[in-house]
Amino acid sequence: MLVVMKRSATQEEIAAVAARIESMGLKAHVIPGALRTAIGITGNTGPVDPSTFEMMPGVREVIRVTRPYKLVSREMKPEDTVIRVGGATVGGGGLVVAAGPCAVENESQAFAVAEKVKAAGAHLFRGGAFKPRTSPYSFQGLGIEGLKILARIRDAFDLPIVTEAIDVESVGPVEQYADVIQVGARNMQNFSLLKRVGRSGRPVLLKRGMSATVEELLMAAEYVLSEGNYQVILCERGVRTFADHTRNTLDLSAVPAVKDLTHLPILVDPSHGTGRRDKVLPMALAGIAAGADGLLVEVHTDPEKALSDGPQSLYPEQFADLMKALRRVAQALERPLALG
Ligand code: PEP
Ligand code: MN
């Protein structure tokens, strides 16, 4: 249920509606918008009587949200959510690029990649300190030491940091050192993790599960918003299909579908989406043309020796070419690409 306030509604009227909702043992989510404030109601197990609110001062209408997800829906908030991360902006029409290695392997590797991606114009630095690996014998990441390296990269290059929390325990350290908490594809339906990052003050980058529908992705985002964190960035990173010419099938049709259904921004990850570096540039450009708000790209200075995801990691020169091509596409689409 969504209580839409009149444009002229005062702060006192908005507060009174929120207080009435809370007094019923429900949760009120006040979502200010450019045109009007809406107040989402969650926590109800059955229908809520709309007349409870319809007669209150400042209320324009009460809408039953028909979709299973509420707070993430465009019905709730028609205008795009814009998320500021350091000097970068995600959503709202501009394009943003997060780039870096799959994993932080050591200080000199991570710094070398950061220097290259910064010079090419990346806006955010990505790199895993906690790695969710298919095999328990594969490199699991440097953990806290990796986070400290990432924090030094932010200071040295003025690049906000995106890094993954793989479980509830790792959220604390990740939110201490990083700017954006990534929830990976394998964890998209780890509901305790989603609830925990929902209580964080940091934006969350939520990757689509490898067999998840768009609705399941949006329901996962709903978990985060329902805990009070409205700063969620979605990410299409490919789904599993019968196709074997790529590692995953990058589902670019999810981008316009997501844009219709939610106000949240969405990035495209052509690295995990294809698994092959020669496919990254074309799919990155296609992702932007499909309407994505930006890209997540893996880059390594020595991909042959990378401890994870080497085959899909771009050489720095390829990343620089990608950024050049992206500028031309951004211009054609009349979408600003902030200088990194
Ligand atoms: C990653 O971003 O390095 C990663 C592990 O991605 P995903 O969760 O999409 O596989
Ligand atoms: Mn990776």
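The values are calculated or read from the model by the stated rules, or taken from the named source; none is laboratory data. Because the structure is a prediction, the values reported are computed rather than measured. Don't worry about glycine lacking a Cβ; one is built from the backbone with ideal geometry, like all the others, and counts go over all protein chains shown. In case anyone asks, the SASA skips ligands and DNA or RNA and just uses the protein heavy atoms, side chains included. Shrake-Rupley method; radii C 1.70, N 1.55, O 1.52, S 1.80 Å.
Here are some notes:
- Largest first, the residues PHE157, PHE53 sort by 1.4 Å accessible area into PHE157, PHE53.
- Among LYS305, LYS279, the sequence by solvent-accessible area, most first, with a 1.4 Å probe is LYS305, LYS279.
- Span per principal axis, largest first, for the Cα atoms of segment 14-89 (Å): 43, 27, 20
- Beta bridges by DSSP in the chain, antiparallel share as percent, to the nearest 5: 40 percent
- Pair-distance profile P(r), taking every C-alpha pair of segment 42-197, with 5 angstrom steps and integer %: 1, 8, 14, 16, 15, 13, 9, 8, 6, 4, 3, 2, 0
- Here the spin labels are modelled as points 7 Å beyond Cα on the Cα-Cβ line, and at LYS148 and ARG84 they lie 3.2 nm apart.
- Antiparallel bridges, percent of DSSP beta bridges restricted to segment 137-249 (to nearest 5): 10 percent
- Value of D in µm² per second that Stokes-Einstein yields for the chain, Kirkwood Rh from Cα pairs, at 4 °C (1.567 mPa s): 63 µm²/s
- Here the scattering of segment 166-296 is modelled by Debye summation over its C-alpha atoms, one equal scatterer each and no solvent; at q = 0.15, 0.18, 0.21 Å⁻¹ the log10 of I(q)/I(0) is -0.66, -0.93, -1.19.
- If you wrap segment 193-261 in the convex hull of its Cα atoms and look at it from every side, the mean projected area works out to 4.7 nm².
- Proportion of all alpha-carbon pairs of segment 231-290 beyond 17 Å (%): 35 percent
- If you plug the beta carbon distance of ARG327 and ARG60 into 1/(1 + (r/R0)^6) with R0 = 41 Å, you get a FRET efficiency near 0.45.
- Remark: the chain carries 41 Å² of accessible area per residue (probe radius 1.4 Å; ligands, DNA and RNA excluded).
- Only aspartates and glutamates eight or more places from LYS77 in sequence, or on another chain, were considered; those with a Cα closer than 12 Å are ASP260.
- Our analysis of segment 51-113 gives Rg over Rh at 1.28, with the two radii drawn from alpha carbon positions and Rh computed by the Kirkwood formula.
- Segment 65-151, Rg to Rh (Cα coordinates; Rh as Kirkwood inverse mean 1/r): 1.12
- Folded to 0 to 90 degrees: helix 11-23 orientation relative to the chain principal axis, Cα: 90 degrees
- Rounded tilt (10° steps) of 277-289 against the dominant C-alpha axis of the chain: 30 degrees
- Whole-percent carbon and sulfur share, accessible surface of segment 106-193, 1.4 Å: 51 percent
- Degrees, to the nearest 10: 144-157 long Cα axis against longest axis of the chain: 90 degrees
- Fraction in percent of alpha-carbon pairs per bin - 5 Å, segment 234-340: 2, 13, 22, 24, 20, 12, 6, 1, 0
- Expected 222 nm ellipticity per residue - DSSP helices of 4 or more, -39500 (n - 2.57), all of the chain, to 500: -10500 deg cm²/dmol
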